[in-house]
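The values are calculated or read from the model by the stated rules, or taken from the named source; none is laboratory data. The structure displayed is predicted, hence computed values, not measured ones. Cβ placement follows ideal geometry from the backbone for every residue including glycine, while neighbour counts extend to all protein chains displayed. Calculation scope for accessible area: heavy atoms of the full protein, side chains included, ligands and nucleic acids excluded. Shrake-Rupley method; radii C 1.70, N 1.55, O 1.52, S 1.80 Å.
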Amino acid sequence: MRVPLSWLREYCDPPLTTAEIGDRLAMTGTEPERIEHFGVPSADGFVIGKVLEAEQHPNADRLRVCRVDDGNGSRTIVCGAPNVAAGQTVALALPGAVMPGGQRLGEAKLRGVVSSGMILAEDEVGVGEDHNGIMVLPDELRAGAPLLEYLTIFDDVLDLEVEPNRPDCLSVYGVARELHAVTGAPLAADPTGEDAVASGDDSVADHASVEIADPDVCPRFTARVFDGVHVGPSPLWLKARLAAAGQRSISNVVDITNYVMLLTGQPLHAFDLDEVRGRRIVVRRARDGERMVTLDGVERTFDSSMALVCDAEGPSGVAGIMGGRVSEVSERTTRVLMEAATWVGPNVLQSSARLGLRSEASTRFEKQLHPEQALAAQRLAARLMVELCGARMAPGTIDEYPGRAEPRVVALRHRRIGALLGTEIPRAEVEAILGRLSFATVPTEAGFDVTVPPFRDADVQREADLIEEIARIHGLERLPATLPARRHAVGRLTPAQRVRRRVEDALRDRGLCEVVAYSFTAPDTLARLRLEEGTLAVGNPLSEDASVMRPLLLPGLLGAAARNAARGRPGVALFESAHVYRPGEAAEPPPLAAASVPADEHHHVAALLTRSAPGTWRRPALAADYFAAKGLVEAMLGSLGITFSAEPAQRPFLHPGRSAAVTSGGEELGWIGELHPAVAREWDVGEAAAFELDLETLAELAPAAAGYRDVTTLPPVLQDIAVVVPESVSAAEVDAAVRRGAGDLLSETTLFDVYRGEQVGEGNRSLALRLEFRAPDRTLTDDDVAGLRGQIERELETIGGRLRA
Amino acid sequence: MPEASTQRRLEELASEAQGAVAGAAGAPELEEARVRFLGRRSELTSLLRSIGSLPPEERGPVGQAANAVRVRLEALIAERQDALDGAALEARLADDRVDVTLPGDPAQPVGHLHLITQTRRDIEDVFLGLGFSVVEGPEVEWDYYNFTALNMPPAHPARALQDTFYFSDEVLLRTHTSPMQVRAMEAHEPPLYIVVPGKVYRRDSDATHTPMFHQVEGLAVDEDITLGDLRGVLLEFARAIFGAERDIRLRAGYFPFTEPSVEVDVSCFVCAGTGFATGGSRCSLCRGSGWIEILGAGMIDPNVYGFVAERGYDPERVQGFAFGMGIERIAMLKHGVPDLRLFFENDVRFLEQFG
């Protein structure tokens, strides 16, 4: 909302600068987005002048040489306007004046005649767009008087960010009321207080009729009729006001509706009554598929959720949003039907969204105006119609008011103010604050019965709303800073949250860089990963590339690795810890099924390596392979006290021989693997290994507290063995066989070598294991352990293996 | 040789040997001295061998004296040997130099948490210290929790402020972390002190908006929480994150789910709230105002309690505050990051600067 300061100060004029006014409004909830300047950079050098003579320029057909009285004497000004004439009162820019574009006016020789100044057209000072001629001002103005005294050519404009609960502040008088409440500076009388005088012995009902067929969309519709209307340009002051407020001047009738809206917050619409077919207005819901061309020249199609203002034959306007071409006021218009109605905010908002059509009117109506505001706007508009358009107002007002609203009275307990704010505000101050905000108060035992003014009705309906009003005017900056008593609260992370931090730290400590990628991905990306599962698709994505929710973290990591490679960092080690999404089980929405979740959402942790260890001056970089990724999983799960096993398993995007499923405690946690070379090529990342695990399952598996094991009292016995097995037998199978054979005394095994060669035979390999034996109650001897050798050998034979001597 | 002269000779030998040992400049010279004074053919060895031929009364004193000299010499030689070994080692090591300015190896790459994670943890830790618990919720959310139960029924004008990604009429990507207000109240009776970090989404993408970003929601509901308590808690937060000298101010604001609603500013930490940079120019961070907006907050609207009334949230008996802040905004302010989009480009040259 652009509020020209000169207009605002007409109604409330505190002794404050524009910036100070902006600050005060910001503290109470109506923040200026910016303070703009309207018009010329300085009003100096702009004065009223009288044209004494206007002669033809000797050397130019289109120029006149004028002698102009500037109040201090006469000066010569060369003027190109066709309408300049002796005897006119005009606006002058004298040499030294700075024009809106910033150029400083000097004396100039025009075709041999020195021109000492400029006679101004509207557009030259930003008042209007007219450049057909100079502005001709009323004769009663005194030569030499500052132009600013007559015309707003220089002003500050507060561009206010008005919150959706304050449609009253989408008006100059509303902001003035707010400023009055905040500063205590006097508030001028409501400009809607006085009505125009009707004349004639006819009645408005003789000229038009209004029917509200669907009262659920229209609580009130008022109409007045004017005839003898002279449609033409608006007076300069009105053009200047509208221009400063950011509105184009159209014609006096249209400008009046805009002016009244900007001043009072109530939008109006003027119909050319002779184009209202049947002189009859019917307010109703649209029929599905009904069409009409709106004032902006676009043909719109409506549905039955939308409200229309129709005439006897069809749509004539979209309720609360925009009028129709069919009944637009034009130069030929002589009879006007002025509409001031009240619409249902949510309905206007929804229709406006569906039509993709927002207007100054709809931004106000959608925030719910009160029916009492409609007639007030009619009064001001009527005065201006009579005054500016020479119109006659037909006696009476058509007032269809099915949604009659009584003033709202809210009980306010004084005790609750202190209880909610944490500071006591005396009763007298409460009463004064509410009074300044135009709330009427009647004292009660507990506090006050407060009557809410209509223009605040949508926002202030309960005690808490009144307390907000009191708090913001009393001064939020004056509240104490206290801490809650906190009788029952202990702050700590949950075990799952601690696991998440531990996992992230473990990867960070091993040199990985955490990334945060978008939760969206492209269907094509998943196709490149050869994934075919069902995804959760966004109904209104920003683009096809971000149209589905990612079911795994890998694509984000691949994207980041590819981007870094393109930027000169080919070898990276990245991880991410974030949600992944799949379509959920069909769940009942709340409140039917409280606490249900609409999608299958999990927290994953994943890493992608395009190098394992960085190269240094004495060793080359280690390529990222399966074992590099597995080492990270071992470290990460080891830090949580979780043991796991990796079993060969395939994923469509992984190397089929170098990928595994990670399981622990019977739960599948995720996968480890080298990227399928064809997939790696898609992202141009070279050799790459990755893993992705479900963090929520990890958190469930992590032991809450580790149990003690005695490892110091009794020494262990260590024994190294070498096992020869066919290549087809896995290390895990060997380990399991050794453990079966050795029994309970075997406390730990460590695989420390893998050997292939002649000594073990073609198709075989030898695994070297260090075995640690412990007994809980005695010191073991080598003989104890030697006795187990036979059993180990027997178990190894069952998997086709043998002990090497 | 009479006893007295023998003794004298022993002292002469000891003195000579001491000189030779001390003068030995290397292992060969020391060995030479050892052979000469302690070797099989040395005078001392001969003397010791000949003790048996002495008169019985001289054997004891002479034997003891000769032995003492031998022991002393052996110690001296060993001591000298140690000294020579030490010196030789030092000499060897002095030649065995590495270029200490070369980088360490194997390289131990330093990892980094994302700046968002680091900032999220900083914020969580402040509120953990203030007695709040951390809870998280789904990002794919019901319209009910995201809007309706936060006092924004369908067609509420405030809905238009948040461009929303929808999956269906009822399911959306949460536009703020606030849906957890009602979820948490459904799950726990009062008192309730929580913060809710997480991803949020708005259908918006330009220089200052990304379609995904992160927020932390806060909620405190108890019998007697006041707007003053909100101010106190957020003052502690602002000082913990932005420095002990910071102040905060509350301005009136609007959120459909709080009443009263406030915007919270922190005093500018670049210009210390003066509005002017050193040198007198207008402070570039706060643009001369001395204050920076960091979050929105307010007292929980009674209508919100209406959605969890059966869980003990009666607005006549409990009251509380809620606040919500953008993690990226806090991080940008604190670390001077100029562009929101940097957070999601995942350029390691950016990531390596933090965490």
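Structure summary
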read-out	value
Three-way shape call for segment A:221-264 based on the alpha-carbon gyration tensor, with the a/c threshold at 1.5	oblate
Phi-based couplings in Hz for segment A:189-198 (Karplus 6.51, -1.76, 1.60; Gly and Pro marked x)	4, 4, x, 8, x, 9, 9, 7, 9, 7
With Cα atoms, 0 to 90° folded angle of helix A:626-640 axis to chain A main axis	80
Mean-position separation - Cα centroids, segment A:232-260 and segment B:93-144, in angstrom	60
Dipole of segment A:513-571, positive direction: furthest Cα of A:ALA537, A:ALA560, A:PRO523, with charges on the beta-carbon	A:ALA560
Within the accessible area of the protein assembly as shown (1.4 Å probe), percent carbon and sulfur	49
Whether segment A:135-233 is rounded, prolate or oblate, judged on the alpha carbon gyration tensor where a/c under 1.5 counts as rounded	oblate
Per-residue average of Cβ from other chains inside 10 Å of A:593-603	5
Pairwise label distance in nanometres, B:VAL100 with B:ALA207, each label 7 Å out on the Cα-Cβ vector	5.1
At least 50 Å² of accessible area lost relative to the chain alone, listed for segment A:406-425 with a 1.4 Å probe	A:ARG416, A:LEU420
Residues in segment B:132-156 that, when all protein chains are in place, have 50 Å² or more less accessible area than the chain alone would give (probe 1.4 Å)	B:GLU136, B:GLU139, B:VAL140, B:TRP142, B:TYR144, B:ALA155
Under Karplus coefficients 6.51, -1.76 and 1.60, residue-wise ³J(HN,Hα) of segment A:603-617 in Hz, glycine/proline x	9, 10, 10, 9, 9, 9, 10, 10, 8, 8, 10, x, x, 10, 5
Set of segment B:25-43 residues, backbone N closer than 20 Å to the point 7 Å along the Cα-Cβ line of B:ASN67	B:38-40, B:42-43
Spin-label model distance (nm) - B:GLU58 vs B:ARG317, 7 Å beyond Cα toward Cβ	11.8
For chain A, calculated [θ]222 nm from helices alone, where every DSSP H run of n ≥ 4 adds -39500 (n - 2.57)	-8000 deg cm²/dmol
Peptide-level mean, for B:244-253, of C-beta atoms on other protein chains within 10 Å	5
Segment A:ALA440-A:GLU667, extension gain: residue separation times 0.36 nm, minus the distance between their alpha carbons	75.0 nm
Mean separation of Cα contacts under 8 Å, 6 or more apart, over the residue count of chain A: relative contact order %	8
Segment B:31-147, relative contact order in percent, only Cα pairs under 8 angstrom and at least six apart counted	12
Accessible area per residue in Å² at 1.4 Å probe, computed on the protein assembly as shown	43
The protein assembly as shown, dipole about Cα centre (Lys/Arg Cβ +1, Asp/Glu Cβ -1), debye to the nearest 20	1940
If the convex hull is drawn through the Cα atoms of segment B:285-355, its volume per residue in Å³	165
Förster radius 60 Å - calculated FRET efficiency between A:GLU161 and A:LEU803 (Cβ-Cβ, nearest 0.05)	0.15
Buried area at the A-B interface (accessible, heavy atoms, 1.4 Å probe, summed, Å²)	8300
Qualifying trypsin sites (Lys or Arg not before Pro) in segment A:443-512, DSSP loop, other Cβ atoms within 10 Å at most 11	A:ARG487
Computed Rg/Rh of segment B:90-232, alpha carbon atoms with Kirkwood Rh	1.29
Estimated FRET transfer efficiency (A:SER305, A:ARG567; beta-carbon r; R0 56 Å; 0.05)	0.65
Rounded FRET efficiency, nearest 0.05, which uses the C-beta distance separating A:GLN650 from A:GLU687 and R0 of 30 Å	0.95
Highest-fluctuation residue, B:VAL110, B:VAL182, B:VAL35 considered, GNM on chain B with Cα pairs under 10 Å	B:VAL35
Cα-projected label distance for A:GLU406 with A:HIS37, points at 7 Å along beta-carbon direction, nm	5.5
GluC sites (Glu not before Pro) restricted to DSSP loop in segment A:696-727 with at most 13 other C-beta within 10 Å	A:GLU727
Largest to smallest accessible area among A:GLU10, A:GLU129 [probe 1.4 Å]	A:GLU129, A:GLU10
Residues of type lysines that A:LYS367 reaches as a straight line, Cα spacing below 26 Å, ignoring anything fewer than 8 places off in the same chain	none
C-alpha long axis of helix B:56-95 to longest principal axis of chain B, angle in °	40
Neighbour cut-off at most 15 other Cβ (10 Å), DSSP loop, GluC sites (Glu not before Pro), segment A:574-613	A:GLU585
Computed over chain B: relative contact order in percent, which uses C-alpha pairs under 8 Å that are six or more apart	15
Under-5 Å amide H pairs with A:VAL210, H placed in peptide plane, nonlocal only	A:ILE281
Under DSSP loop assignment and at most 10 Cβ neighbours within 10 Å, longest trypsin sites (Lys or Arg not before Pro)-free interval of chain B	B:98-316
Contour minus Cα-Cα distance for A:GLU429 and A:GLU194 (0.36 nm per residue)	81.4 nm
Amide hydrogen neighbours beyond the local backbone of A:ALA623, cut-off 5 Å, H modeled	A:SER612
In sequence order, calculated HN-Hα J values of segment B:325-334 (Karplus, 6.51, -1.76, 1.60; Hz; x Gly/Pro)	9, x, 5, 4, 4, 4, 5, 4, 5, 6
Amide H partners (placed H, <5 Å) of A:GLY422, local residues excluded	B:LEU227, B:GLY228
Residues along segment A:443-484 losing 30 Å² or more of accessible surface when the other protein chains are present rather than the chain by itself (probe 1.4 Å)	A:ARG462, A:ALA464, A:GLU468, A:LEU476, A:GLU477, A:LEU479, A:ALA481, A:THR482, A:LEU483, A:PRO484
